[in-house]
Amino acid sequence: MYFAHLFIPLQPECEPMERYRIDLKSLTADETHLHFTLDDAYFRSLDGAQVQSGNLESTLTIRKLSSFFEFLFSTAGTVSIPCDLCLDPMDQPISAENRVVVRLGETASDDDDMITVDANNPIIDVAWLIYEFIVLSIPIRHIHAPGKCNDAMTQKLRELSAARSSDADTPNAVDPRWSALSKLKSDD
């Protein structure tokens, strides 16, 4: 089957978030390619709590099929997030490949891998979808490379960890919560 390729350039004069709104009925080619540059302005406009800044490139391929649209997202770059140990910002590499099926229907809905867009208003905004894919690509634990953490913070963390460990190592040390529970048990 022959797929016509249509590249839609982003218009710099349009509103920053307007470029993420796609009119499904205006897609005439079997395959459409869109390219987005995701910078700090993108993250600020979304006001997401987990990622505030970054520099990524995202490509969206839309395949128009007989009864639905297949959206294939490919996103790569780095985001700036706080290190779990020292809380200083760190660059986290991101690479994500995601697929979403979009169809037109009577009412808009959002299921796991199927989005239904109201046929009377066939516009889908992919800005938040891309953001969610980025957030889901961030590892659960993110720390600087060895030796890159904030020295003052890691020193304080070592001091607090050592103090806590030494308290637990003293003979007959009992967690006060267990003592309180023991009193309840002895009252019976």
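The values are calculated or read from the model by the stated rules, or taken from the named source; none is laboratory data. Every value quoted in this text rests on a predicted model; they were computed, and no experiment measured them. We place every Cβ from the backbone using ideal geometry, glycine too, and count neighbours over all the protein chains shown. Accessible surface is based on the protein model in full, side chains and every heavy atom, while ligands, DNA and RNA are left aside. Shrake-Rupley method; radii C 1.70, N 1.55, O 1.52, S 1.80 Å.
Computed values, structure above
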| item | result |
| --- | --- |
| Members of the stretch 148-158 found to be open to solvent by 80 Å² or more (accessible area, probe 1.4 Å) and not in a helix (DSSP H, G or I), listed by number | K148 |
| Selection within the stretch 68-105 - touching a Cys at 6+ places or on another chain (Cβ under 8 Å) and either charged (D, E, K, R) or within 19 Å of Y20 (Cβ to Cβ) (or both) | D88 |
| Filtered residue count, the stretch 82-107, keeping only those that are among the hydrophobic types (A, V, I, L, M, F, W, C) and over 19 Å from E132 (Cα atoms) | 6 |
| Residues of the stretch 16-52 that turn out to be open to solvent by less than 20 Å² (accessible area, probe 1.4 Å) and among the hydrophobic types (A, V, I, L, M, F, W, C), as a count | 9 |
| In the stretch 44-62, residue modelled with the highest pLDDT [restricted to those that are over 18 Å from N98 (Cβ atoms) and in contact with a strand residue (DSSP E or B) (Cβ under 6 Å, 6 or more places away or on another chain)] | N55 |
| Pair list, Cβ under 6 Å, 6 or more apart: the stretch 127-146 residue within 14 Å of G48 (Cβ to Cβ), other residue in a loop (DSSP other than H, G, I, E, B) and open to solvent by less than 30 Å² (accessible area, probe 1.4 Å) | Y131/G48 |
